[in-house]
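The values are calculated or read from the model by the stated rules, or taken from the named source; none is laboratory data. Small disclaimer: the values here were computed from a predicted structure and weren't measured. Here Cβ is always computed from backbone atoms with ideal geometry, including for glycine, and neighbour counts include all displayed protein chains. SASA here: full protein model, heavy atoms, side chains in, ligands and nucleic acids out. Shrake-Rupley method; radii C 1.70, N 1.55, O 1.52, S 1.80 Å.
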Amino acid sequence: MKIETVLSPSLFSQIENLEDKIVVVIDILRATSTITTILANGASAVIPVREESIAEDYKAKGYLVGGERGGETIEGFDFGNSPFQYKPEIVQDKEIVLTTTNGTKCIEMSASAYQVVIGSFLNLSAVIKHLKNEQRDVVLFCAGWKDKVNLEDSLFAGAIAHIFMSATLDDSSLLCIDAYNAAKGNLFKALQNSNHFQRLASKGVTKDIEYCCEVDLINTIGILKEGKIILAA
């Protein structure tokens, strides 16, 4: 088993034999945390789209649509990118469309992989269990921020990689493990000086950050199937 960590979308093209690997897409603040929550709250699927215009087309067809650019809710959409907006009574049994600055782009980039898994601290143990069961090479794909490395996604990559120390780990994974080991006692505190924490906190969504740092609140995982993210069996 081989574990590779991609710290930025700009490095993703270097991954070889993608069709044989599981890609765990990581956008802790907030896309993959929000997707995990939407599915846990009863939605039948999340449809990730890269372009705002495609999301608008879905909205015109009557879908509930969430989206953000630069951390701000897209005008006219039903939701932004806050997990708290997708309440069970709203999303139950519905297909929710979502477009975000970083995360949904990375999901689309990963689509040709053997499998795409949505990763968050919220369902960390469920993701680890799934990867152990699959026993395939894994790519931990950090969405970052506009192609730049960010701390929160790197910490999650480390949280996964440190479980698989007997696997073949690349240097990026080893770096992430060291960062996670230093931060795991208090993830929220460890992120407070990070750039994305500061960006989101300035928009008044510190509650979102606290929630996204919670570990194992959810015991299910989402996987990409035919363009839709659904709960894994």
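The calculated FRET efficiency for Glu51 paired with Leu231, based on their beta-carbon distance and R0 = 22 Å, is about 0.30.
Ligands, DNA and RNA left out, the accessible area of the chain computed with a 1.4 Å probe is 46% carbon and sulfur. Coupling constants for region 171-179 follow from the phi torsions by the Karplus curve (6.51 cos²θ - 1.76 cosθ + 1.60, θ = phi - 60°), and in residue order they are 5, 4, 5, 5, 4, 5, 4, 4, 5 Hz; glycine and proline get x.
What does the charge count near Thr206 come to, summing +1 for each Lys or Arg and -1 for each Asp or Glu among other residues with Cβ under 14 Å from its Cβ? Here the charged neighbours net out to +1. Shape call for region 167-233 from the C-alpha gyration tensor, a ≥ b ≥ c root eigenvalues: rounded (a/c under 1.5), prolate (a/b greater than b/c) or oblate? Taking the square roots of the gyration eigenvalues as a ≥ b ≥ c, region 167-233 is oblate.
Other residues within the sphere of radius under 9 Å centred on the Cβ of Ala113, judged by their own Cβ, net out at -1 (K and R +1, D and E -1). Helical content of the chain, expressed as a calculated mean residue ellipticity at 222 nm, amounts to -10000 deg cm²/dmol (DSSP H runs of 4 or more residues, -39,500 (n - 2.57) each, divided by residue number, nearest 500). Once C-alpha pairs closer than 8 Å and six or more residues apart are averaged by separation and normalised to the residue number of region 20-106, the relative contact order reads 41 percent. Restriction of the GluC sites (Glu not before Pro) in region 128-223 to DSSP coil positions whose beta-carbon has at most 15 other beta-carbons within 10 angstrom yields Glu214. Each residue, Glu134 and Ser202, gets one label point 7 Å from its Cα in the Cβ direction; the gap between the two is 3.6 nm. With θ taken as phi - 60° and the Karplus curve 6.51 cos²θ - 1.76 cosθ + 1.60 applied, the whole-hertz 3J(HN,Hα) list for region 7-14 is 7, 8, x, 5, 9, 5, 5, 7 Hz, x standing for glycine and proline. Taking Cα centre as origin and charging only the Cβ of basic (Lys, Arg, +1) and acidic (Asp, Glu, -1) residues, the dipole magnitude of the chain rounds to 360 debye.
Of the peptides 26-34, 72-80, the ranking by mean beta-carbon count within 10 Å, highest at the top, reads 26-34, 72-80. Computed over region 87-211, the alpha-carbon pair-distance distribution with 5 angstrom bins reads 2, 9, 17, 21, 22, 16, 9, 4, 1, each value a whole percent. Judged by the ratio a/c of the largest to the smallest principal axis of the C-alpha gyration tensor, region 1-87 counts as prolate, that ratio being 1.5 or greater while a/b is larger than b/c.
Comparing Leu191, Thr104, Ser173 along the charge dipole axis of region 89-193, the residue lying farthest to the positive side is Leu191, per the Cβ-charge model. Rolling a 1.4 angstrom probe over the protein heavy atoms with all chains in place gives the chain an accessible area of 43 Å² per residue. Rounded is the label for region 107-175. Its Cα gyration tensor axes, ordered a ≥ b ≥ c, give a/c under 1.5. Note on Ile163: accessible area approximately 70 square angstrom, rounded to 10, probe 1.4 Å, nucleic acids and ligands left out.
Shown here: the chain, whose C-alpha atoms stretch 48, 37, 31 Å along the first, second and third principal axes, sorted largest to smallest.
Among 14-22, 94-102, sorting by the average number of other beta carbon atoms lying within 10 angstrom of each residue, highest first, gives 94-102, 14-22.
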